[in-house]
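Quick notes on the structure that follows.
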Amino acid sequence: MTVKEKLDGIVEQLSCIGIVPVIKLDNVDDAENLAKALREGGINCAEVTFRAKGADEVIARMVKAYPDMLVGAGTVLTCEQADAAAAAGAKFCVAPGLNPKVVKHCLEKGIPFAPGLSSASEIEQAIELGLDFVKFFPAEQAGGLPYIKSVCGPYTSMRFMPTGGVSADNLNTYLSYNKIVCCGGSWIVPAKLLEEGDWAGITALCRQAVDKMLGFEMVHVGINCADPAQAESVADMFDNAFGFAKKVGNSSVFASTYVECMKKPFKGKMGHIAVATNSVKRAMYQLKMRGYTIDESSVKYDAKGNPNVAYLADDFGGFAVHLVLRK
């Protein structure tokens, strides 16, 4: 496998996860507990920075404990650090700046590498080096998403991981742009919680961030009716009682946007529940982590190949549940 193929695989995983915790861990013995806390919160990745002594040992312990975890090395400033990270099992390396010497070394060694940059000139330099995925740093201070959008026009193949000033409050703003693969940040793993060994607190912050990123919201309930006449009758009841205006479609009758009356029994014993999300792709990934199975045969894709509808395999209280992309 070429380094480009490795990097593309990592970028795909990162795009599913959405959030990359940037971690400075001073106590190597906390590595396994931290990895467990992140995973239980729905974040199966980490960028362990070389700003702390023993970062390579932290990486090695996390990878040993959870071989499927996407553990990378951050603040990789030298070829020696890149080699140490790779030897420890890091699946990728990240730097705050663009050092051509380190980039070339990593590419020659087969180490996926994402240098940091914040200007059009640096983007061109990265492209010249054969890269199409980079860290945009410091994101907020360098102009944030408006700046990324303004420079992306000529560089259609470049993909970004903004880091620096990203928080729960602006995460979805960044992720809404299709050139953003994921966002890095340290807000999920605050130094105070690390010092206190508050693994439950870190798990809670991860889960809150993931839930906010996905933005789950129930948008309508589908009721299985025996035939078109019953579907219209049920919709009329909702209209008469609550003013939910009836709208007749090909396969169902809606009462406003809240209730869908199926003209014949569809998925689910009793019907279905539609849950909107900011990203069906990331939602599918997270639900699998939470132990649910996706009915792969139900997944529908848009013109660009992104999933926009997907059903879970199991019913919830007699109702099928499907994800739908928020409009």
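What to note about this one:
- Take every DSSP beta bridge whose two residues both sit in segment 217-325; close to 65 percent of them are antiparallel.
- Alpha-carbon Debye profile of segment 171-327, log10 I(q)/I(0) at 0.18 Å⁻¹: -1.10
- Among the GluC sites (Glu not before Pro) found in segment 208-277, not one is both in a DSSP coil and sparsely packed, with 13 or fewer other Cβ atoms within 10 Å of its Cβ.
- Residues whose amide H falls under 5 Å from that of VAL299, counting only those 5 or more places apart or on a different chain, are TYR311, with hydrogens built in the peptide plane.
- For segment 122-280, share of DSSP beta bridges that run antiparallel, in % to the nearest 5: 55
- Note, ³J(HN,Hα) from phi for segment 297-313, Karplus 6.51, -1.76, 1.60, rounded to Hz, x at Gly and Pro: 5, 8, 5, 10, 10, 7, 5, 8, x, 8, x, 10, 8, 7, 9, 6, 6
- Karplus-derived 3J(HN,Hα) values for segment 263-268, using 6.51 cos²θ - 1.76 cosθ + 1.60 with θ = phi - 60°, are 6, 8, x, 10, 5, x Hz; glycine and proline are entered as x.
- Placing +1 on the Cβ of every Lys and Arg and -1 on the Cβ of every Asp and Glu, with nothing else charged, gives segment 174-308 a dipole about its Cα centre of roughly 380 debye.
- DSSP beta bridge pairing in the chain, given as percent antiparallel to the nearest 5: 40
- Cut-off under 5 Å, modelled amide H: who pairs with PHE133 long-range: ARG159
- Among the listed pairs LYS109/LYS192; LYS53/LYS135; LYS64/LYS192; LYS149/LYS267; LYS267/LYS288; LYS36/LYS149, those beyond 31 Å (Cα-Cα): LYS109/LYS192; LYS149/LYS267; LYS36/LYS149
- Across segment 35-167, the relative contact order, built from alpha-carbon pairs under 8 Å that are at least six residues apart, equals 16 percent.
- Ordering of 244-256, 20-32 by burial proxy (mean other Cβ atoms within 10 Å per residue, highest first): 20-32, 244-256
- Low-density loop cleavage sites - trypsin sites (Lys or Arg not before Pro) in segment 259-304, where at most 13 other Cβ are within 10 Å (DSSP): LYS269, ARG290, LYS304
- Here segment 167-188 and segment 211-248 have alpha carbon centers that stand 34 Å from each other.
- Diffusion constant of segment 138-239 at 10 °C, which comes from Stokes-Einstein with the Kirkwood Cα-pair radius and 1.306 mPa s, µm²/s: 92
- Taking 37 °C and 0.692 mPa s as conditions, the chain diffuses translationally at an estimated 152 µm²/s according to Stokes-Einstein applied to its Kirkwood radius (Cα pairs).
Each reported figure results from applying straightforward, stated rules to the coordinates on display, with no laboratory input. Just so you know, these numbers come straight off a predicted model, no measurement behind them. FYI the Cβ positions are ideal-geometry reconstructions off the backbone, even for glycines, and counts take in every protein chain you see.
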